[in-house]
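**Student:** Sharing a structure, written as structure tokens. Questions coming.
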Amino acid sequence: MIYTTVSGDIAASSNGDDIIVPCSTDLTELRLFGRMIDVQDTPILVRLRGSILTFSFDDRRLLHLIICYSQGDTSESAYYFLRFGLDCLSQNSRSACRKHSIGGRHLGALGLAYASSLYRAVSDSFLHVQLFASSTSAEELVMPSGPPLRFMYGWSVNKGLMNPGET
């Protein structure tokens, strides 16, 4: 459920909310943040649509990647997996008490093809999120690079909650 829409940079330190990024199975959206993930402790959930991978984004925020589409998926499938992931976050005791932001400009080319379905999933979800809208296109973004994102925990339909080092 979108409780407000704001303009600006979702990754800016002035946004104190945890960040949610709808992702494809190949995680191309992370390039738009100029960050890499430390795959050493990351479970093999990336290919499973509906999975949530949570990383430490900075000293106070988390980055939740919700794997919700892949090349060739239908718009309805992308809707379902994002809605499922958002609703799981709303029920997760680790994240239910935190504030969340979601932004559309980090979707990448494939995500933009599913943008209306993804927006509908955010609107229909039980998780209250702040929607970041921007006139800056993904190609114009210049995100500072930083250290690799550290995996905190993940969740998938087949495995449930997974901590670093679990496969």
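The values are calculated or read from the model by the stated rules, or taken from the named source; none is laboratory data. Fair warning: this is a prediction, and the values are worked out from it, not measured in the lab. Here the Cβ is made from the backbone with ideal geometry for all residues, glycine too, and neighbour counts use every protein chain on show.
**Student:** Might you let me know whether region 58-71 holds any residue that is of a type in the set (S, T, N, Q) and more than 21 Å from LEU149 (Cα to Cα)?
**Tutor:** Scanning region 58-71, I find at least one residue that is of a type in the set (S, T, N, Q) and more than 21 Å from LEU149 (Cα to Cα), so the answer is yes.
**Student:** Pairs needed: first member in region 50-67, farther than 15 Å from GLY103 by Cα; second member anywhere, buried (at least 22 other Cβ atoms within 10 Å of the Cβ) and acidic (Asp, Glu); C-beta distance under 8 Å; at least 6 residues apart or different chains.
**Tutor:** As it stands, the answer is none, since no pair meets every condition given.
**Student:** A further question follows. Look through ARG61, ARG47, ARG105, ARG94 and report the one residue that is at pLDDT below 75 and under 14 Å from the mean Cα position of the chain (by Cα).
**Tutor:** One residue alone meets the criteria, ARG105.
**Student:** Another question, then. Out of ALA78, ALA138, I need the residue that is in contact with a helix residue (DSSP H, G or I) (Cβ under 8 Å, 6 or more places away or on another chain), modelled with pLDDT of 65 or more, of a type in the set (A, V, I, L, M, F, W, C) and surrounded by 17 or more Cβ atoms within 10 Å (Cβ to Cβ). Which one?
**Tutor:** It is ALA78.
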